[in-house]
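Data first, discussion second: the structure below is written as structure tokens.
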Amino acid sequence: MGRFTSVFLSFLLFVVLLPHVSSRPAAVPARRSIVSETCNQIARADPNVDFAFCSQSLRSAAGSDGADLRGLAIISLKLAVANATSAATRAKALLKGNGLSRYYKSCLDACRVVYADAASELRDATGMIRSGRLVDARVYISAAVDAPVVCEDGFQDGGLASPLAEEDGDLMQLAVIALAIAVRLG
């Protein structure tokens, strides 16, 4: 009877406790990614920044989750440069359209110019971040934040719908994200 009890207890132990015992080590809480952490902080602090936009934009760049804050600042600036450059190119292409009023063309040309300037300022800010000139970088990024506002204002002042509204919104968010990260650097 002792052997039966021993086998029965072993069986019971096996059936009852095994499902609750794992061969895997205890789960270590995952460290939140720097992208999620940073975007969460920025979106909470600034109503102009959408958390999903921030996360998706930064995650679209290779190496963003493994980057430190300085690396994330550079990535965000590169994204903003690409957006500003694309918007300037689109404004230039729209200028070639037929039947555009003189005022409409002046708005498009102003957008083209401010976007080209913003791309240049953001490129310069990237170098400043790399070299540790954080105050200068923030000044340059702040100037780029104004580009979409200037572009939109021209169309709104004339009672016109902006054909660059999406680009304006994206650049505004990308530039604000870059600025917020640069501020966090010190």
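The values are calculated or read from the model by the stated rules, or taken from the named source; none is laboratory data. Please read all numbers here as calculations on a predicted model, not as lab measurements. No Cβ is skipped: glycine too gets one built from the backbone with ideal geometry, and neighbour counts run over all protein chains shown. Note: accessible area is taken over every heavy atom of the protein model, side chains too, but ligands, DNA and RNA are not part of it. Shrake-Rupley method; radii C 1.70, N 1.55, O 1.52, S 1.80 Å.
Worth pointing out:
- Furthest towards positive pole of dipole, Ala147, Ala84, Gly169, structure part segment 34-184, Cβ charges: Ala84
- Peptide ranges 39-49, 161-171, 119-129 listed from the most packed, as the mean C-beta count within 10 angstrom indicates: 119-129, 161-171, 39-49
- Computed over protein heavy atoms with a 1.4 Å probe, the carbon and sulfur contribution to the accessible area of segment 34-184 reaches 52%.
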